[in-house]
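The values are calculated or read from the model by the stated rules, or taken from the named source; none is laboratory data. The structure presented is a predicted model; accordingly, all values stated were derived computationally and were not measured. Every residue, glycine among them, receives a Cβ derived from its backbone with ideal geometry; neighbour counts consider all protein chains shown. The area values use the complete protein model at the heavy-atom level, side chains included, leaving out ligands, DNA and RNA. Shrake-Rupley method; radii C 1.70, N 1.55, O 1.52, S 1.80 Å.
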Amino acid sequence: MIDLLLKNYQEKIDMRLNILIPETSANYKDVVESERYSVFAGGKRIRPILLLEFYKLFGGEDDCAYNFACAVEMIHTYSLIHDDLPCMDNDDLRRGKPSNHIKYGEAMALLAGDALLTESFGVAARTMGISPELVTKAITYLSANSGVSGMIGGQVIDTCTKGEMTEEVLKEMYLLKTGALLKISAVCGAVLAGADENSIKLCETYAEKIGFAFQIIDDILDCSGNEEKLGKRIGSDDKNNKITMVSIYGVEKCRLMAKELTNEALDILDSLNGDTDTLKEITKYLLDREY
Ligand code: GRG
């Protein structure tokens, strides 16, 4: 049931992304090919799906939020392309394929990421059928949380803090690097549907819980996952001498922590008005995922 739901969403998101990032024969076609290579490499589309589900939960109608949802996926894909670069994690496999810079070279990978990020804001701004005030509010949140006080800030902590990493800093890094985009997804879905401030705050807390759990699961998969299923190299954290929740607490304790965080997230969904059954299924799927 969850697989079918995700597949339906994935097909619709891919159709919209295909329109938003069309093939071209222009002289700059190489960068578009490189963007499309990573965008259509088989990502799970968790962030846009969450955004669309939160939009629906708070009464959003029709397909109005699809552009915004795709903008978030474009930012996510840019972050993966840049994260794999030799100056970052230096990984050669992503979404089951050679990383963008392995296929197209470092310069084109950098530019493809830049293009996806830059274009994402125009895509979000072209959200039709929703009041401009709500779209502006959501774009402001998108910008703040993908920038230095969000995802980029988390990546900076990840890149610059080596031996002296404490658990507190590690948690902050997880919440920013991985949690920020999930927070954007839940909150912007709610904002676009016109949710009240109290509900938006609950969405934020929900996303912080699943964001932390998501990165813990990512750490577990990095040391004990299946490379073929994952579509990326395992052992990357070890290779880069990274301190993770798994290196501090071990796999079993981390599994329990992720389960606890997921249960707290499910409780928050229970406290929201409306039918949250699908969101609950997605939340549980994130805990049990193998890739
Ligand atoms: C400007 C150089 C530069 C970097 C941008 C790279 C970056 C900032 C941030 C990295 C953030 C990052 C890669 C966090 C990891 C989050 C994570 C666990 C991603 C995997 O997400 P999934 O499992 O992937 O949803 P799919 O492939 O399914 O989309």
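Structure summary
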item: Residue list for the stretch 238-267, filter: open to solvent by less than 30 Å² (accessible area, probe 1.4 Å) and under 22 Å from Lys44 (Cβ atoms); result: Thr244, Met245, Val246, Cys254, Ala258, Leu261, Thr262, Ala265, Leu266
item: Criterion violated by Gly189 - all others in (1) near the ligand (Cβ under 9 Å from one of its atoms); (2) touching a residue at least 60 places away in the same chain (Cβ under 8 Å); (3) part of a helix (DSSP H, G or I) satisfied; result: (1)
item: Residue count for the stretch 1-59, restricted to those that are in a loop (DSSP other than H, G, I, E, B) and not hydrophobic (A, V, I, L, M, F, W, C); result: 11
item: Flag for Leu111 being within 15 Å of the ligand (Cβ to nearest atom), open to solvent by 50 Å² or more (accessible area, probe 1.4 Å) and of a type in the set (A, V, I, L, M); result: yes
item: Condition check for Tyr206: open to solvent by less than 10 Å² (accessible area, probe 1.4 Å), more than 13 Å from the ligand (Cβ to nearest atom) and not hydrophobic (A, V, I, L, M, F, W, C); result: yes
item: Residue in the stretch 223-245 that is within 16 Å of the ligand (Cβ to nearest atom), modelled with pLDDT of 95 or more, under 14 Å from Tyr174 (Cβ atoms) and assigned to a helix (DSSP H, G or I) present; result: yes
item: Any chance Leu17 is open to solvent by less than 30 Å² (accessible area, probe 1.4 Å), out of contact with any Ser or Thr (no Cβ under 8 Å at 6 or more places or on another chain), within 16 Å of the ligand (Cβ to nearest atom) and over 22 Å from Glu290 (Cβ atoms); result: yes
item: Tally, over the stretch 59-81, of residues that are touching an Asp or Glu at 6+ places or on another chain (Cβ under 9 Å) and either of a type outside the set (Val, Ile, Thr) or away from the ligand (no atom under 11 Å from the Cβ) (or both); result: 3
item: Unmet criterion (only one of (1) more than 25 Å from Lys12 (Cβ to Cβ); (2) open to solvent by 10 Å² or more (accessible area, probe 1.4 Å)) for Tyr55; result: (1)
item: Residue within the stretch 90-108 that is open to solvent by 60 Å² or more (accessible area, probe 1.4 Å), more than 10 Å from the ligand (Cβ to nearest atom), more than 18 Å from Asp14 (Cα to Cα) and of a type in the set (A, V, I, L, M, F, W, C) present; result: yes
item: Residue within the stretch 140-156 that is open to solvent by less than 50 Å² (accessible area, probe 1.4 Å) and modelled with pLDDT under 95 present; result: no
item: So Gly211, is it in contact (Cβ under 8 Å) with a residue 12 or more places away in the chain, in contact with a Ser or Thr (Cβ under 6 Å, 6 or more places away or on another chain) and within 16 Å of the ligand (Cβ to nearest atom); result: yes
item: Contacts under 6 angstrom Cβ, first residue in the stretch 1-20 being closer than 22 Å to Lys284 by Cα, partner acidic (Asp, Glu), 6 or more apart; result: Ile2/Glu281
item: Unique residue being in contact (Cβ under 8 Å) with a residue 24 or more places away in the chain, more than 12 Å from the ligand (Cβ to nearest atom) and open to solvent by less than 20 Å² (accessible area, probe 1.4 Å) when the list is Ile216, Ile184, Ile220, Ile200; result: Ile184
item: Selection status of Arg45, without any contact (Cβ under 8 Å) to a residue 40 or more places away in the chain, at positive phi and touching a helix residue (DSSP H, G or I) at 6+ places or on another chain (Cβ under 9 Å); result: yes
